[in-house]
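Novice: This is the structure I want to talk about, given as structure tokens.
Every number here is computed from the coordinates shown, using simple stated rules; none is lab data. Here the structure is a predicted model, which is why all the values come from computation and not from measurement. Neighbour counts run over all protein chains shown; Cβ positions are idealised from the backbone, glycine included.
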Amino acid sequence: MSKLSELVAELVTPHAPTEKWTGQTCGMLDMRIDRQGRWFHQGGEIKRLGLLKLFASVLSCEQNTHWLTTPAERCEIAVEDVAFLVTSWYSHKLDDMDVLVAVDNLGRKWPICQQYPLELRCFEQQQLPYLGLSNGLHARVARNVYYQWAEIAEQDKQGVYLRSAGIQFYLSE
């Protein structure tokens, strides 16, 4: 096992085995996630972190449709952009390379690597970096993190990039 895979196993919160559950589809749930990663149920914001982490552990995205899946039910929820935001980060030294670790708005940690890559996506007519998560989910990089990364980014002929886990992830095209 590589040191990177050990770091991933240590940091990443496991997702529930929703792919094994075959609950009945129950339609659209009165739940939504706004563009700032805030969760709402029946119009009221859900603020309990433990409850948000529970919902996040059974959330998935398939073909731009977000699902909350339990062993008994599978319900669609509305998501304005993505369910999570990268709100902070730090660098982790791993033998001969640095690994950037993104922290999302629920406090979960994601090493930026081949398994959890940065990719550019369009948001409000701008190309912004998003972090690919498991189960078809993504986290948009918050503006403050983007500006911090811009300070440590490198540049080559292809554009501006961050290096993490020995891979170049481009922040611009």
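Novice: For region 86-129, which positions are surrounded by fewer than 17 Cβ atoms within 10 Å (Cβ to Cβ), touching a residue at least 12 places away in the same chain (Cβ under 8 Å), out of contact with any strand residue (DSSP E or B) (no Cβ under 6 Å at 6 or more places or on another chain) and not in a strand (DSSP E or B)?
Specialist: Asp95, Gly107, Gln114, Gln115
Novice: Under 7 Å between Cβ atoms, which residue pairs at least 6 apart in sequence (or on different chains) link something in region 59-77 that is among the acidic types (Asp, Glu) with a partner that is surrounded by 13 or more Cβ atoms within 10 Å (Cβ to Cβ)?
Specialist: Glu62/Gly136; Glu73/Gly23; Glu73/Cys26; Glu76/Leu29; Glu76/His66; Glu76/Trp67
Novice: Only one of Phe40, Phe55 is part of a strand (DSSP E or B) and either of a type in the set (A, V, I, L, M, F, W, C) or under 16 Å from Pro14 (Cα atoms) (or both). Can you tell me which?
Specialist: It is Phe40.
Novice: Just to be sure I understand the filter: pairs with C-beta atoms under 6 Å, separated by 6 or more residues or on different chains, first member in region 19-36 and of a type in the set (Gly, Ala, Ser), second member assigned to a strand (DSSP E or B) and surrounded by 13 or more Cβ atoms within 10 Å (Cβ to Cβ). Which pairs pass?
Specialist: Gly23/Glu73; Gly23/Arg74
Novice: (1) on the phi < 0 side of the Ramachandran plot; (2) part of a loop (DSSP other than H, G, I, E, B): which one isn't true of Glu76, the others all being true?
Specialist: Failing condition for Glu76: (2).
Novice: Then there is this: If I filter region 130-143 down to residues being touching a Leu at 6+ places or on another chain (Cβ under 8 Å) and outside any strand (DSSP E or B), which single residue comes out as farthest from Thr18 (Cα to Cα)?
Specialist: The residue in question is Ala142.
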